[in-house]
Structures are given as structure tokens and as C-alpha cells.
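Everything on this sheet refers to the single structure shown next.
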Amino acid sequence: MRIAIFVLFLNISTMLSAQEFQCAVQVVSPSIQGTNKKVFETLQKEIMEFMNNQKWTSDVFKPEERIDCNILINIAEQISIDEFKGSIQIQARRPIYNSAYHSVLFNHQDVDLHFKYVEFESLIYNPNNFDSNLVGVLAYYAFIILGMDYDSYQPSGGTPYFQQAEQIVSRAQNAVQAGWKSFESQRNRYWLVENILNEYHRPLRQCMYSYHRIGLDVMSDKVEDGRASILKGLEQLRKVQRQRPGSFYMQVFFTAKSDELVKIFEESFSMEKGRAVEVLNEVDPSNNKKYEKILTAK
């Protein structure tokens, strides 16, 4: 009886500790000379604990269901003893059903990272206040990743998480640091979540579902059906491209997917290859040379 209670307690403890992310973090500072680099090691540990131990949703994730992601922070400038500037690279992957393959959901570099950090300072997310630019940036991208992951399993399933990212943007409007305001750039945090939640990007969010849940997830058993679903999803993006050519969210999507799309359609039959290249050249013209490889693949 005691053993059974202990096993039950252990299972509950494991379930409660299994949060949403399995996040690897690296903080590098190759441009910083003559300073105590130990602070960056501490920062790396704090960010990893923040991302992995924070409860971001009300759902229960099993350990094997945690979202695999990576964060790389490059400290380019030390403004003062506790103030830094640099960039943050975020990548998230999604497992594909019945395979060992992981598909990249998000691969983005944000060059507007500017924050203060005192060594051993705990990173605490307060959903009602904007107390720290570093915490705000990390929480923002946590919700963006969650939104994309949920969109890939259910049509528009990520809306609640994108809305939380939008709320962070709203609370950050008085921040002195860049990256949060509409007038600063067309490729920043403000515009990414604005694009995602704007009605004209609904076909792209639908494509996220078609691409993953009824595309990649079925390809282990039905390769042609899965590939056809992916192509059908891509065709929906023509409307987005015609209404908002080269939109930020479209660029983010294809940064994550262009190489994978080449591999997917290289294995297709000739008619489908031609159709895929035609669609891809229209919706993602910046990568047209890459997509030409589909037609020459044997």
C-alpha cells in the first residue's frame, strides 16, 4: 500500500513538473571583452529555468509532449554593469506522428534585444505588468511558440496564446527599448503578432493545420495524401500574398519551412512538382531559386 501511494505521488509530481517547454538556452558574448563573463553563465541558467519551469497554459503536458525549442542570445554590447544589447534567436520544433522526425515551426532572429540584468536576479513573469524587458521578450516568444504549436494541431487553436503575446505588446508600449512599437519597424514583435491575429492571415493559420496535422502527420502511412494536403494548404496562401505581398508572418513561415518544402516535393510525381513550384514561386518569390531544385530532383 505504501509503495502504491509512493508511486502515485511520484507520478503526480512528475506530471506537475512537466511544463510546456523543453528549452535549451545559450548565451554568448564574443564581442564583449574585459568583463566578468560569469554573469552570462548565470543568465543562461536563469533563462532556462524560466522557460522550462513556468506554467504557461492550463493544459497538462506529459514529459514527451513538451515543445522542443532553442534560444540563442548573442550579447553584442555592454552599456553598463547591468545593461546589455544584442540579439535573440528562437527556434521551435514539432514532432511528427509515428516518426522520429521533427518539423521546424518557428526560426526567427530578433535583433532588438535590450535589457537590464543583475547577476542572480530571478526572472519572474507578471501577466498584469511589464516589469522587465528581458522577461517581456521571453514571455512574448513563449506565447508565440505555443500559438504556432496549437495552430498545428487544431485550426486556429493557438488564438489564446497569440492574444497573450498581443497583451504583452500592449503593456510594453511605454518601454524605452525597441521592438514593441508599430512605427519602429515593419518586422518587429508588434507586427508579428498583429499579422498573426489579423483576419487576412487566417489562410496562413489554416495552412499551419493542413501542413502539419493532415499533412506531415499522415505521411508515415499515406505519403501522397499528406503531401496533397500540404499543397492544398499552400494554395490558400495565394490570397494572403495578393492582399499583403511579402508580409512579415509569411516571411517567418517560409524561413522555417522553405528547406523542408523542397524535401517534401522532391519526392513527388512530375505533375505535382510543377504545381508545387508554381504555387511556391508565387507565395514565396524570394526563394524561387531554391524551389527550382524540386523540378530537377530525380
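None of the figures in this text is laboratory data; all of them are computed from the coordinates on show. These figures come from a predicted structure and were not determined experimentally. Note that we place each Cβ from the backbone using ideal geometry, even for glycine, and neighbour counts take in every protein chain shown.
When residues in segment 27-54 are screened for being touching an Asp or Glu at 6+ places or on another chain (Cβ under 8 Å), of a type in the set (D, E, K, R) and surrounded by fewer than 13 Cβ atoms within 10 Å (Cβ to Cβ), 1 of them pass.
Looking only at segment 111-150, filter to residues that are of a type in the set (Asp, Glu) and buried (at least 18 other Cβ atoms within 10 Å of the Cβ); which one of those is nearest to the chain's Cα centre (by Cα)? Among those that are of a type in the set (Asp, Glu) and buried (at least 18 other Cβ atoms within 10 Å of the Cβ), it is ASP149. What pairs come up if the first residue lies in segment 162-175 and is in contact (Cβ under 8 Å) with a residue 12 or more places away in the chain, the second is crowded, with 17+ Cβ neighbours inside 10 Å and polar (S, T, N, Q), and their beta carbons are under 9 Å apart, counting only those six or more places apart or on different chains? Hits for this filter: ALA172/ASN133; ALA175/ASN133.
Condition check ((1) of a type in the set (S, T, N, Q); (2) loosely packed, with under 15 Cβ neighbours inside 10 Å) across all residues:
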| residue | (1), (2) |
| --- | --- |
| CYS207 | no, no |
| SER210 | yes, no |
| GLY226 | no, no |
| LEU237 | no, no |
| GLU272 | no, no |
| ARG275 | no, no |
| SER286 | yes, yes |
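Could you say whether any residue in segment 165-176 is buried (at least 23 other Cβ atoms within 10 Å of the Cβ) and within 21 Å of VAL104 (Cα to Cα)? Looking for residues that are buried (at least 23 other Cβ atoms within 10 Å of the Cβ) and within 21 Å of VAL104 (Cα to Cα), one finds at least one in segment 165-176, hence yes. Against the condition buried (at least 16 other Cβ atoms within 10 Å of the Cβ) and under 15 Å from VAL252 (Cβ atoms), how does TYR161 come out, does it pass? Answer is no for this residue. Annotation note: Cβ proximity below 9 Å between a residue of segment 242-265 that is within 13 Å of VAL277 (Cα to Cα) and a residue that is charged (D, E, K, R) and not in a helix (DSSP H, G or I) (sequence gap 6+ or interchain) occurs for SER258/ASP284; LEU261/ASP284.
Summed over segment 16-26, the residues that are surrounded by fewer than 19 Cβ atoms within 10 Å (Cβ to Cβ) and part of a strand (DSSP E or B) give a count of 3.
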